[in-house]
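Remarks on the structure that follows.
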Amino acid sequence: MRIIIAGGHGKIALRLEQRLKSGAVGIVRNPAHVAEVEATGAEAVVCDLERAAVEEVAAITEGADAVVFAAGAGPGSGAARKDTVDRAASVLLADAAERAGVRRFIQVSSMGAGKPPRGGDEVWAAYIKAKTEAEEDLRARDLDWTILRPGRLTDEPGTGLVRLAPEVPPGAVPRDDVAAVISALLEAPGTVRRTLELVSGETPIKTLLGTE
């Protein structure tokens, strides 16, 4: 398989690339991040999704089996970049996937999307708004999409045990397990056109997704 991963230098993406190795192509904005992506065994392509034209991204996506949107403006970014990365870059990747004829699209969103933001500040509200609008855009498309909403992300070692359903109680989940779920989703056609929330739990990922 050839899987295009937007946000290829992100913490989830690097873990996914380690799983997929030569089957992964990580899109990175900063050329200085190429070596770290390639160290996972994946290919790295430099492309700034905040500035690229759809034709450029479609050329990268051409011939892929699936695309994964795992990009994010990240901590320390302001409200404006929540929109240009968390929303607009996802829309751009979906446009490119349609143009390139790639149907499978997995979008990494966030628990809390789809609802008014609770607490937080202006930046948090902008983040939830961007994720919500990115989800809405994807649902309106004729693509084989799956939207994944992880809970609070941690760097604890993955356990392979999760709760994954349209709605789960708030909780945390290791980035290792998020990457493992994304990898399994790529082989789980029963999750097409579904929105799934994810936290740590007691059920093996492969059992939940029927990929044993």
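The values are calculated or read from the model by the stated rules, or taken from the named source; none is laboratory data. Note that this is a predicted model, so its numbers are computed, not measured. No Cβ is skipped: glycine too gets one built from the backbone with ideal geometry, and neighbour counts run over all protein chains shown. Quick note on the areas: whole protein, heavy atoms, side chains included, nothing else; ligands and nucleic acids left out. Shrake-Rupley method; radii C 1.70, N 1.55, O 1.52, S 1.80 Å.
Some points to look at:
- Karplus (6.51, -1.76, 1.60) ³J(HN,Hα), θ = phi - 60°, over region 111-116, in Hz, Gly and Pro reported as x: 4, x, 5, x, 10, x
- Of all accessible heavy-atom area on region 1-100, the percent that carbon and sulfur account for (1.4 Å): 49
- Accessible surface for region 1-132, divided over its residues, is 45 Å² per residue with a 1.4 Å probe.
- Heavy atoms of GLU135 accessible to a 1.4 Å probe, total area in Å² rounded to 10: 0
- Once the Cα gyration tensor of the chain is diagonalised, semi-axes √(5λ) in Å: 23, 21, 17
- Cross-link table LYS11/LYS131; LYS129/LYS206; LYS11/LYS129; LYS21/LYS131, entries beyond 20 Å C-alpha to C-alpha: LYS129/LYS206; LYS11/LYS129; LYS21/LYS131
- Remark: spin-label model distance TRP124-ALA79 equals 1.5 nm, labels positioned 7 Å along the Cα→Cβ axis.
- Computed with a 1.4 Å probe over protein heavy atoms only, the accessible surface of region 157-204 comes to 44 Å² per residue.
- Summarising the amide proton neighbourhood of VAL162: residues at separation of 5 or more, or on other chains, whose placed amide H is nearer than 5 Å comprise GLY201, GLU202, THR203, ILE205.
- Orientation-averaged projected area, Cα convex hull of region 1-90 (nm²): 5.3
- Gaussian network model of the chain, springs between alpha carbon atoms under 10 Å - residue of ASP177, ASP137, ASP86 with greatest fluctuation: ASP137
- Taking each DSSP H run with n ≥ 4 as -39500 (n - 2.57) and averaging over every residue of the chain yields -9500 deg cm²/dmol at 222 nm.
- With the convex hull of the Cα atoms taken as the outline of region 94-160, the averaged projected area works out to 6.1 nm².
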